[in-house]
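*Asks:* Please find one structure pasted underneath; my questions will follow.
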Amino acid sequence: MTEARRRAVFLDRDGVLNQVVLRNGTPHPPGTREELEIFADAPAALRALKAAGWLLIVVTNQPDVARGTQRRDVVDSINDAMRAALPLDDVRVCFHDDRDGCRCRKPRPGLLVEAADTHGIDLGASVMVGDRWKDVEAGRRAGCAAVLIDRGYAESTLAERPPDRTVRSLAEAAEWILTHAGRGGHTA
């Protein structure tokens, strides 16, 4: 008898769970723990998903560490504050830049695949929620459904394959997941 696999909602961090700092229309992470501002709808949205049995796993690119413009301990501090404020099961971070060619930097699916191996997750029954095309593409490459939170950034929001749903907030994403995402596949 095989063990039942679990469902997860993979969540990008900046722009999904917390406010970003916009520079020329491009989103950037908060620079310090004090700058962290969690979206008002995040706690209730995540509690609803958790109550429905979803694992909640943050998968975030933090390339400023590789670029030398941010320290890893500051990113860890921000992630610790997120864990304290929200019902998260895991936080996975890629500290690399594009030039590093790692398998964990989104749009590559490495963070999702590693989390699935660790937590016994069925990627085909899981969902990736992000605010940029790289998030959508990472979810698609991992075999997940994908929800894009359109924050109106001045950049492309088009992945190779479009998201299953485009929404304006995490609350709206959670509502769609609870209503449409099924145990055996992407949508019911």
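Readers should treat all values here as calculations from the given coordinates under stated rules, not as data from a laboratory. Please read all numbers here as calculations on a predicted model, not as lab measurements. All Cβ positions, even for glycine, are placed from backbone atoms using ideal geometry, and neighbour counts span all protein chains on display.
*Asks:* Sort by residue number and report every cysteine in the chain with no other cysteine beta carbon within a distance under 4.7 Å.
*Replies:* Here 102, 144 come out as lacking a disulfide-compatible partner, given the Cβ-Cβ threshold of under 4.7 Å.
*Asks:* Only sites in a loop by DSSP and with at most 16 other Cβ atoms within 10 Å count here; which trypsin sites (Lys or Arg not before Pro) in the range 1-99 make the cut?
*Replies:* Answer in residue order: 5, 71.
*Asks:* Let me ask another. Cα centroid distance between the range 1-78 and the range 120-171, in Å?
*Replies:* Cα centroid to Cα centroid, the span is 14 Å.
*Asks:* Further question: Just rank 132, 103, fewest to most, by other beta-carbon atoms within 10 angstrom.
*Replies:* Sorted ascending by nearby Cβ count, the order is 103, 132.
*Asks:* If you stretched the chain out fully between residue 155 and residue 83, how much longer would it get, using 0.36 nm times the residue separation minus the C-alpha to C-alpha distance?
*Replies:* Once the chain is fully extended between residue 155 and residue 83, it gains 23.0 nm.
*Asks:* Add -39500 (n - 2.57) for each DSSP H run of 4 or more in the chain, then divide by its residues: what number comes out at 222 nm, to the nearest 500 deg cm²/dmol?
*Replies:* -9000 deg cm²/dmol
*Asks:* Still on this model: Does the range 40-134 come out rounded, prolate or oblate by the C-alpha gyration tensor, with a ≥ b ≥ c the root eigenvalues, rounded set by a/c under 1.5 and, if not, prolate when a/b is larger than b/c and oblate if not?
*Replies:* Taking the square roots of the gyration eigenvalues as a ≥ b ≥ c, the range 40-134 is oblate.
*Asks:* Taking the DSSP beta bridges in the chain as the whole, what percent of them are antiparallel, to the nearest 5?
*Replies:* 15
*Asks:* Is the shape of the range 8-179 rounded, prolate or oblate, going by the alpha carbon gyration tensor and its root eigenvalues a ≥ b ≥ c, with a/c under 1.5 for rounded and a/b larger than b/c for prolate? It would help to have the intermediate numbers written out before the result.
*Replies:* Values: a/c = 1.26, a/b = 1.18, b/c = 1.07.
Verdict is rounded for the range 8-179.
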